[in-house]
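First the structure, in the form of structure tokens, and then the observations on it.
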Amino acid sequence: MSGICHDHHQEWLCNQYCLPYRIRDVIASICRENVKGTSWTLVLQPHLPSWARKGDPNPVDLEGLDEPLVVMEFTLSRFESRHNEVVEKLTRGAMEQIDALPR
């Protein structure tokens, strides 16, 4: 396999004051592995309950939402497919840690 490889992950999480720090710690643990030729992006997008209540069907099932959420997305790009196994192991571990965060 040649070319650029991308992994994209997205989660909906409760908007808590400590959330950015907890996610930062998860991502920092991945970055410590220092896989050469990789690039990470992290996006935290707030989502207010009023945004989900527009009267139309909601594709992500947020009709009953009463508290603010955060959409967390991170992407990993790499230029060498030889790192695929290591990167997939790291991102799977990160998602398990993020899945353990409050929802």
Quiz item: Only one of these conditions is not met by VAL60: (1) at pLDDT 75 or above; (2) over 16 Å from ALA100 (Cβ atoms); (3) β-branched (Val, Ile, Thr). Which number is it?
Solution: (1)
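Just to check your reading of the model, which residue among LEU65, LEU48, LEU69 is within 22 Å of ASP99 (Cβ to Cβ) and at pLDDT 80 or above? Before you say what the answer is, go through the steps one by one.
Numbers: LEU65 fails: at pLDDT 80 or above; LEU48 fails: within 22 Å of ASP99 (Cβ to Cβ).
Sole residue among the options that is within 22 Å of ASP99 (Cβ to Cβ) and at pLDDT 80 or above: LEU69.
Within segment 28-50, work out how many residues are touching a helix residue (DSSP H, G or I) at 6+ places or on another chain (Cβ under 9 Å), loosely packed, with under 11 Cβ neighbours inside 10 Å and in a strand (DSSP E or B).
Count: 0.
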Practice problem: Inspect segment 40-50 for any residue being under 14 Å from the mean Cα position of the chain (by Cα), more than 16 Å from GLU88 (Cα to Cα) and hydroxyl-bearing (Ser, Thr, Tyr) and give the result as yes or no. | Solution: no
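The values are calculated or read from the model by the stated rules, or taken from the named source; none is laboratory data. Everything numeric here is computed off the predicted structure, so don't read it as measured data. With ideal geometry, Cβ positions are generated from the backbone for all residues, glycine too; neighbour counts draw on all protein chains shown.
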